[in-house]
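Taking it in order: structure first as structure tokens, then the write-up.
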Amino acid sequence: MRSLILLLFSLASLQALAATDPFGEAHFIADLGANQLALEKIEQQQARPELSIEDWLQWERLRIELYARGEAWQTLIKRIDAQQQVLPAPARDWFATQQADAWLALGDGQAARKILRQLIWLRETNVSMASLNRWREQLIRSYMLDNQANAAHTAMLRHNQDNRAEAKEATSLRARVLLQAGRPGDAFDLLEKNTSAPARSLSLLAGLRSAKLPAGDVADKALAMINAGGLDKDVRIRLWAVVAEASRVENDTGQYADALEAIFADTRATQLDDGLVKLKADDLWQAYRQHAQAIGNRQQLLIGDDKKWFALAKKYKDKPLRQRTIYGFLTESASTKESRLQAHEKLVNSLQDRKGGHEVLRRLYLHAPRYAETDKLPAIVRYTLLEQALVESDLTLASRMIAGLQQAPQGVPRLLWEMRRARVFIMAGDLEKGSELLVAVLNGETVLDKVATDRFMQVLFDLQTVNEHELAYNLFDKLLLQTGGPQLRREILYWMADSRKAQEQYAEAAVLYLRSADLPGESLPDLWAQSALYQAAEALTEAELISDARRIYSRLLKVSKDEARRAVLQRRLQQLWLRESKRD
């Protein structure tokens, strides 16, 4: 709650930045991790009819960078394709390069080469050596992705001949090509004296595959580097892949499963280093099975004795990886359907407690051939993936997970299930169906608890996002009658005020903000009240009720001790004075 209040207060500073430097504001928002919000700002700016082509390009580059940062590769490719006709000729090389990178990230070397041929050989204008070098390196990587080791090696030799001065910078790429060509010993010799973290991680992989280093030593060194920290994400993931491969050689089934989970928790990629390492969901299912069987053999358990397997897993409550391997094993090997569903549920719950576990869950169930058909996914898995899809605004996945599920999965409250269905309908644009479900939820419940109210409000926020403020307001108003607790009522009044403000009904918005600020029995406004009062003053200003706005700003100035906040309030009072003077 406190962080939300501080965020609301900081909006004033952000609005000031937006007014003077909208591009800087979008960068600021993106750097904080709010990519979706930054993309909304980009949409607003690019829709301005007076925008010059140079400014439009600046925004478009930022858009593409945000897509790449979020690994939204398909969206990036489609966006550039759609804008080809309006891109000025001098800018097309940069956008084509981003498309080639996207295809490489998706593992499609052939599609990347189609673009690179145009950039390297079929162009009519000169290009800088730096750009040409980057395209050649992308070309080499495309061959590696398609397992064309000879073509990659030939392209690498040509690239090195033309760029001898920069040969040292291409060491990592050359080593990967040698590994792809089945020459790990040469790759190891090339990297042996290079002490950088990327080179050391590749050197460990080369040493393992060439048997120049013992598998156990390789795993230990890789884990030591990981535990030391300070690594780039790509290097860290590569090291976990080295641990996984070394553990498999050593037949260390537990460490193998642990390493695969660490990889899948950190990336959605299907391969690493342009195909040097393949990342398959079935590998983790197999790791679970192998480790569980090793544990079961030590305990002399028989396959089919489900009760004893679950009892054994329960004993390992302090070792969740062991529990997950047993549950993963039982999803396929339990003797009854009921036991298999129970294993799925427990595996899902365990993964949700693991950092990055939702990504591991996604990999296991969305990328394993055994679950290629959605109807083969257990209901509890579909519900959990639906939750994740809604968080990420992934309508395609959400629609797939909810299709055909009319009843709430076992263990999921009907109320929460209906609200999830409503969110999917609203995201898909079926506002009528979504609002019908929400009204039905309210009609069926006398009073909603805090959890249910929070979930319900999340759906109403979706309505506000698509500018359905009247519908959101009416549902908030109805929710207000079915909510207990003064703080929840204050929150609802605040969001109702936001809708009225968005509808430019400023006087009514101010009344609602003031009601949100009220807390009976308190003489001084708490942080929530201060935020609501500030918004009330903003709305009163827009409603031209200047004297009322001044009184509220002055009241806030008396109780606020934060210097930054006081500076904002003093600036607002000065602006009111200037506004009133100009009007007079």
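The values are calculated or read from the model by the stated rules, or taken from the named source; none is laboratory data. Computed from a prediction, not measured in an experiment: that's the story for all the values here. We place every Cβ from the backbone using ideal geometry, glycine too, and count neighbours over all the protein chains shown. Heads up: the accessible areas ignore ligands, DNA and RNA and are worked out on the full protein's heavy atoms, side chains in. Shrake-Rupley method; radii C 1.70, N 1.55, O 1.52, S 1.80 Å.
Quick look at the values:
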read-out: Qualifying residue in region 468-479 (condition: at pLDDT 90 or above and not in a helix (DSSP H, G or I)); value: yes
read-out: Residue among 397, 366, 386 that alone is closer than 26 Å to residue 262 by Cβ, aliphatic (A, V, I, L, M), out of contact with any Phe, Trp or Tyr (no Cβ under 9 Å at 6 or more places or on another chain) and open to solvent by less than 10 Å² (accessible area, probe 1.4 Å); value: 386
read-out: Any hit, region 206-219, residues being part of a helix (DSSP H, G or I), of a type in the set (Asp, Glu) and under 30 Å from residue 298 (Cα atoms); value: yes
read-out: Residue check, residue 36 assigned to a helix (DSSP H, G or I) and closer than 30 Å to residue 130 by Cα; value: no
read-out: Of all residues making up region 53-71, the number that are assigned to a helix (DSSP H, G or I) and open to solvent by 40 Å² or more (accessible area, probe 1.4 Å); value: 7
read-out: Meets criteria (among the acidic types (Asp, Glu) and open to solvent by less than 60 Å² (accessible area, probe 1.4 Å)) for residue 418; value: yes
read-out: Residue count, region 315-338 (criterion: surrounded by 18 or more Cβ atoms within 10 Å (Cβ to Cβ) and in a helix (DSSP H, G or I)); value: 11
read-out: Set 74, 85, 99: member being in a helix (DSSP H, G or I), surrounded by fewer than 14 Cβ atoms within 10 Å (Cβ to Cβ) and within 24 Å of the chain's Cα centre (by Cα); value: 74
read-out: Filter result (open to solvent by 20 Å² or more (accessible area, probe 1.4 Å), part of a helix (DSSP H, G or I) and not hydroxyl-bearing (Ser, Thr, Tyr)) within region 112-148; value: 114, 115, 117, 118, 120, 129, 130, 132, 134, 136, 137, 141
read-out: Sole residue being among the small types (Gly, Ala, Ser) and either open to solvent by 50 Å² or more (accessible area, probe 1.4 Å) or closer than 30 Å to residue 440 by Cβ (or both), chosen from 499, 560, 531; value: 499
read-out: Any hit, region 181-190, residues being surrounded by 18 or more Cβ atoms within 10 Å (Cβ to Cβ) and in a loop (DSSP other than H, G, I, E, B); value: yes
read-out: All positions within region 488-547 that are outside any helix (DSSP H, G or I) and closer than 28 Å to residue 583 by Cβ; value: 503, 504, 505, 543, 544, 545
read-out: Unmet requirement for residue 211, which otherwise passes all of (1) loosely packed, with under 15 Cβ neighbours inside 10 Å; (2) under 18 Å from residue 259 (Cα atoms); (3) at pLDDT 95 or above; (4) not polar (S, T, N, Q); value: (2)
read-out: Residue among 449, 454 that alone is at pLDDT below 90 and either open to solvent by 70 Å² or more (accessible area, probe 1.4 Å) or β-branched (Val, Ile, Thr) (or both); value: 449
